[in-house]
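Below you'll find the structure, written out as structure tokens, and then a few comments.
The values are calculated or read from the model by the stated rules, or taken from the named source; none is laboratory data. In this text the structure is predicted, and so the values were computed from the model without any measurement. When we count neighbours, we look across all protein chains shown, and the Cβ atoms used for this are built from the backbone with ideal geometry, even at glycine.
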Amino acid sequence: MILYLLFATFIGLLYHGIHRKAIARVQGRPGPPIWQEILHTLKFSFKETWIPKTASQSLFIAVVFVAIGIWSAALYVLLSGGSLLLLFGIYLLHKIVEHGMGLSSGSPYGKFGAIRSVISAASELPLLVTIVAVYFFTHSLSIADIVAYQEVHGPLLIVAFPAAVAMYLVILSKMHYGPFSIIEAKEIVSGNMTEHFGVWRAGLQVGFALKTYVLLYAFVLLFIGQLPFVLMLLVMLLILISLSFVCAVTPMLSPYDTVTVQSLVTGALVIYIIILGVIMG
Amino acid sequence: MFNLPTGNIGGQELFVLEFGDIVNYFSPYTAALFVFALIFTVLAIVSRPERQVDIAFGGDAYGAKEVSIDLMRFQRFMAIACGLATLGAMVSGDVFNFTLFASLVGITNIGIVAAYRNRHVLNAAFQYGIVAMLATVPLFGGAAIILASTGTLSMWELFADGVAVPIIAKAFLVLGVMGEGMAPFYVAKAEITRAQGAPFILMVHVSSLLLFLRVIEIVISM
């Protein structure tokens, strides 16, 4: 499992690099090399590190370990075919990491990032809709059962397409440089990550790399099914590049527009769920 | 001896904790939520609060807000109480106990915010108090409807096939939890930027989120 964690971290960081490269190429810039995020993480690991005088020290450090811990747990849940509800729980707990990261430093920029993180809570609701839709078809929230269902009945991507779109939006809302990336907008420096630098930033990079890997893996597993490993990585990469295109051509929304768009999408998906409930009894 | 009827939702129970006829359970799902609540409760115990930096409007001056010892002690007490109530709510195997813990979370959340001697923050705390108080009606009402319609409040019985829980009771439970977990209301107002104090303030959000996650499991399972 430890080896797999290292592998997932490496691939997650590589995907972040490819994401940046793809955005740059779409926008007509050369962009950084695709291994840039791996180099960043290594560089941060050896930079001088300290804790701001105004910070709540224990929390400031703990959120970094919590970030790595929850996404390592999420990866384990995915690989062991555990509960989709648990994966949803972990995804929501990431909000506490984002929030704690910003609140703990005492910095106003961090705090604004933290507040934006909580007001964009609407981004989590599409995932709940996804779970309900998947449950309607499979009558189970066990990931192993969902994969087995698709082996018999075909990919859920076809029969539950709106749910797949909801999950796609969930991943998009967590991508760097995306339309919903308001928590790390440049007008508030780096938002909730502003004061985390050095080893702490490297730790966060590791946690976020695991998050990207888990979310992309979960999308493929839930809506396409179990694929051979190399093919799985390739499909994940294709989804990532499609997300990069969206990020490249969409400007960052204002915080309230973000909430509005996410709420409208959630409302549309709730209507879908109600229709699904009526049709499927 | 025990067999959780909804193993395909939050996973099979790993461990049960019996208090007479009330049987709390740790499934992979509830155990994960419990551990998360425990981590942040321990953090509330061991941490000193942040000192929020404020920039003077229209100028370059800035200063760090100090947290007095008295304020820190009271907030820490409330944050720990909030953590303990959350821990209880995470593993409760009884709907009535869950609602009790949820209302205790609401009370302690108000306590954390109301500790500040700032007129704006106190006004906000008063409003959250009203929301939390109103939310107890659907919260306990939901539990009462469940008891009246099924004859039990034990989740072990309610999660079994063939036990029909009215959808209005489920809706009331969710509505009650949303009112008790006041994080979305709190953060949508400006008061959070006036009130310093991570990790104690963070407990408001931790408890709200965990309550929401637990009630989702309960409602889906019933």
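Output yes when any residue across the range A:172-195 is in contact (Cβ under 8 Å) with a residue 24 or more places away in the chain, among the polar types (S, T, N, Q), within 13 Å of another protein chain (Cβ to nearest Cβ) and touching a Leu at 6+ places or on another chain (Cβ under 7 Å), and no when none is. Write out each step before concluding.
Our first condition is that a residue be in contact (Cβ under 8 Å) with a residue 24 or more places away in the chain; within the range A:172-195, this holds for A:172-185, A:188-195.
Narrowing further to those that are among the polar types (S, T, N, Q): A:173, A:181, A:190, A:192, A:194.
Imposing the further condition that a residue be within 13 Å of another protein chain (Cβ to nearest Cβ) reduces the set to A:192, A:194.
Still in the list and also touching a Leu at 6+ places or on another chain (Cβ under 7 Å): none.
For the range A:172-195, residues in contact (Cβ under 8 Å) with a residue 24 or more places away in the chain, among the polar types (S, T, N, Q), within 13 Å of another protein chain (Cβ to nearest Cβ) and touching a Leu at 6+ places or on another chain (Cβ under 7 Å): absent.
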Selection count where residues are within 22 Å of the chain's Cα centre (by Cα) and within 14 Å of chain B (Cβ to nearest Cβ), scope the range A:7-56: 0
Checking the structure you have, find out if any residue of the range A:168-175 is within 23 Å of residue A:68 (Cβ to Cβ), of a type outside the set (A, V, I, L, M, F, W, C), within 17 Å of the chain's Cα centre (by Cα) and modelled with pLDDT under 90. yes
Residue tally, condition out of contact with any Pro (no Cβ under 9 Å at 6 or more places or on another chain), at pLDDT 90 or above and among the small types (Gly, Ala, Ser), over the range B:149-175: 1
Selection status of residue A:58, among the small types (Gly, Ala, Ser) and touching a residue at least 24 places away in the same chain (Cβ under 8 Å): no
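Any chance the range A:251-259 includes a residue that's on the phi > 0 side of the Ramachandran plot, surrounded by fewer than 19 Cβ atoms within 10 Å (Cβ to Cβ) and outside any helix (DSSP H, G or I)? Spell out how you get there, then give the answer.
Step one: list which residues in the range A:251-259 are on the phi > 0 side of the Ramachandran plot, which gives none.
No, the range A:251-259 contains no residue that is on the phi > 0 side of the Ramachandran plot, surrounded by fewer than 19 Cβ atoms within 10 Å (Cβ to Cβ) and outside any helix (DSSP H, G or I).
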Of the residues B:15, B:19, B:2, only one is away from chain A (no Cβ under 13 Å), within 22 Å of residue A:89 (Cα to Cα) and modelled with pLDDT under 85; which? B:15
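Among the residues in the range B:53-70, are any crowded, with 24+ Cβ neighbours inside 10 Å and of a type outside the set (Phe, Trp, Tyr)?
So far as the range B:53-70 goes, no, none of its residues is crowded, with 24+ Cβ neighbours inside 10 Å and of a type outside the set (Phe, Trp, Tyr).
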